[in-house]
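Notes follow once the structure below has been shown.
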Amino acid sequence: MILPITLYGNPVLRKTVEEVDFASADTDLKNFVNDLFDTMYQASGVGLAAPQVNRPIAVFVIDTEAFLDEGDTEQPVKKAFINPEITATVGGNVRFSEGCLSVPGINEEVLRPEGVRIRYQDVEGNQLEEEYHGKAARVIQHEYDHLFGKVFVDRLSPLKKTLLKSKLNEIVAGKKVPAYRIKPNKK
Ligand code: NI
């Protein structure tokens, strides 16, 4: 099922999420994860976090395949991360252009560590810890931020943010409407 995507200005994107309780999650969680993937694909995204579909819970999905270029050596990663915790960053900071389905029409370079170690649960509740690099690490860090009420534009310099102010205000005011299904901001 395709869910409407919340936009910059919606308070749900500023919440810190609740952990998923596997004792009461079961089939609902699996359906929800499928819905996240469906919603992400129809919007041509490479990652989507639960607050972006108005559910402030600790879940995000990624599929980096569409993000990889011909020369890239890394393998695509398609995965759901439940109750994730980034336990370490690996390598130095790198600059990379990011966008966000909740912030349509804005792409800016963001500085983040090249790699991360992340501990999380899969949809079955299994505990895993893995290390990611490159574009997968980039998408993971971007989505992880969403679980703490953070959007990538928060990480830009004050000057950059000032320059983007009118564009961001347009999104808040509901004047910027992307081609995919959205949950309009309240007027
Ligand atoms: Ni995003």
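The values are calculated or read from the model by the stated rules, or taken from the named source; none is laboratory data. Since we're looking at a predicted model, the values are computed, not measured. Don't worry about glycine lacking a Cβ; one is built from the backbone with ideal geometry, like all the others, and counts go over all protein chains shown. What goes into the accessible areas is simple: the full protein's heavy atoms, side chains included, and nothing from ligands, DNA or RNA. Shrake-Rupley method; radii C 1.70, N 1.55, O 1.52, S 1.80 Å.
One table, with the values for the structure above:
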quantity: Cα→Cβ-extended label distance, 7 Å offset, between Ala66 and Asp122, nm; calculated: 2.4
quantity: Surrounding net charge for Lys176, when Lys and Arg each add one and Asp and Glu each subtract one, Cβ distance under 9 Å; calculated: +1
quantity: Relative contact order of segment 1-132, pairs being alpha-carbon contacts under 8 Å that are 6 or more residues apart, as %; calculated: 22
quantity: Cα-Cα separations in segment 1-97 greater than 21 Å, expressed as whole percent; calculated: 42
quantity: Inter-label distance, nm, simple model (7 Å from Cα along the C-beta direction), Lys161/Glu74; calculated: 2.6
quantity: Computed [θ] at 222 nm, deg cm²/dmol, the chain (DSSP H ≥ 4; -39,500 (n - 2.57); rounded to nearest 500); calculated: -8500 deg cm²/dmol
quantity: Kirkwood hydrodynamic radius of segment 5-183, from inverse mean 1/r over distinct Cα pairs, in Å; calculated: 16.6
quantity: Whole-Å semi-axes of the ellipsoid equivalent to segment 70-143 (Cα gyration tensor, √5λ, descending); calculated: 22, 15, 13
quantity: Ranking by accessible area, most exposed first, for Met1, Met40 with a 1.4 Å probe; calculated: Met1, Met40
quantity: Radius 9 Å from Cβ of Phe37, net charge of other residues (Lys, Arg +1; Asp, Glu -1); calculated: -2
quantity: Estimated vicinal HN-Hα couplings, Hz - segment 148-153 in sequence order (Karplus 6.51, -1.76, 1.60; Gly, Pro = x); calculated: 10, x, 10, 10, 4, 5
quantity: Neighbour-limited loop hits for GluC sites (Glu not before Pro), segment 70-152 (at most 11 other Cβ within 10 Å; DSSP other than H, G, I, E, B); calculated: Glu70, Glu124
quantity: Two-site FRET efficiency, Glu85 against Arg181, from Cβ-Cβ distance with R₀ of 45 Å, rounded to 0.05; calculated: 0.90
quantity: Model label zone, Ser44; criterion: amide N under 11 Å from point 7 Å along Cα-to-beta-carbon; scope segment 164-187; calculated: 179-180
quantity: Under the Karplus curve 6.51 cos²θ - 1.76 cosθ + 1.60, θ = phi - 60°, whole-Hz ³J(HN,Hα) for segment 38-53, x wherever Gly or Pro sits; calculated: 4, 5, 5, 5, 5, 9, 6, x, 10, x, 8, 10, 3, x, 6, 10
